[in-house]
Amino acid sequence: MTARVLRAAGRTATPWKNGGGVTREIAAYPEGAPMDAFDWRVSLAEVTEDGPFSAFPGVDRILTVVEGAGMDLMVDGEHHIVDEPYWPHDFPGDLETDGTLLGGPVVNLNVMCRRGRTSAAVAVVRGTVRLSAPPGGAVLAVALEDGAVLDGTETGLDRYDALLTRDAAAGVLRTHGWALLVTLSEG
């Protein structure tokens, strides 16, 4: 299996325009695409203040709280209490969205997919996980806790390290803690 390890230590923090947090991109496709041209993008966001989310017309979002008490998301006037760690919540990125912290700062793992080009399935897993990318797609595994290893290699993942593959050949990831698995498909 051909897989690329994306280390958390190598990610650059990008401050938000509203000052409410920072984002660290884990991976995007096409690689290096600007915010208005990606097919998909996965990032970690450190949210330190209440405030509006950036609008992403034509983009579907999946937010998973990985640290902290959670958020009250107001999406198009409807409350979504996102207070259970490791529980993915999806919402359209083009609807007006505001976030209120429930008990201090949080870290969210965000998956964004351009509608019509890419779709995503997000699962939080633990134990032995078979990795296999769909045709034309990709699989991204993000260690939420230390201790994940790709079978047949010495490749270990620490917290927030990721493994990206476009390979359809099955590989096995063994986790000692939780990991987030993002399966990205064309269309």
Take the Cβ-Cβ distance between Met35 and Val5 as r, set R0 to 22 Å, and report the resulting FRET efficiency rounded to the nearest 0.05.
0.35
Fraction of alpha-carbon pairs over 21 Å apart in the range 1-65 - percent
27
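Net charge near Ser54: determine it from the other residues with C-beta under 13 Å of the C-beta of Ser54, scoring Lys and Arg +1 and Asp and Glu -1.
On the way: positive: Lys17, Arg41, Arg61; negative: Asp36, Asp94, Glu96, Asp98.
Computed value for this residue: -1.
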Per principal axis, descending, Cα span of the chain in whole Å:
47, 34, 27
Which percent of Cα-Cα pairs in the range 70-121 sits in each 5 Å bin, short to long?
4, 17, 27, 25, 18, 7, 2, 0
The set of residues whose placed amide H lies less than 5 Å from the amide H of Glu67, leaving out same-chain residues fewer than 5 positions away, is Val107
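Taking the convex hull of the alpha carbon atoms in the range 118-186, what volume per residue do you get, in Å³? Working shown, then result.
Numbers: hull volume 4.6 nm³, N = 69.
Cα convex hull per residue, to the nearest whole number: 66 Å³.
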Counting Lys and Arg as +1 and Asp and Glu as -1, each charge on the Cβ, what is the dipole of the chain about the Cα centre in debye, to the nearest 20?
720
Return the long-range amide H neighbours of Leu131 (sequence gap of 5 or more, or a different chain), with a cut-off of under 5 Å between placed amide H atoms.
Gly171, Val172, Leu173
Using alpha-carbon positions, what is the distance between the centroids of the range 73-141 and the range 1-49, in Å?
14
Cleavage-rule hits (trypsin sites (Lys or Arg not before Pro)) in the range 1-81: DSSP loop, at most 14 neighbouring Cβ within 10 angstrom:
Arg7, Lys17
Semi-axes of the range 4-114 from the Cα gyration tensor (sqrt of 5 times each eigenvalue, largest first, whole Å) come to 21, 17, 13
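Bear in mind that the values in this text are calculations on the coordinates, not laboratory data. Quantities reported herein were computed from a predicted structural model and do not represent experimental measurements. So basically every Cβ, Gly included, is an ideal-geometry build from the backbone, and we count neighbours across all protein chains shown.
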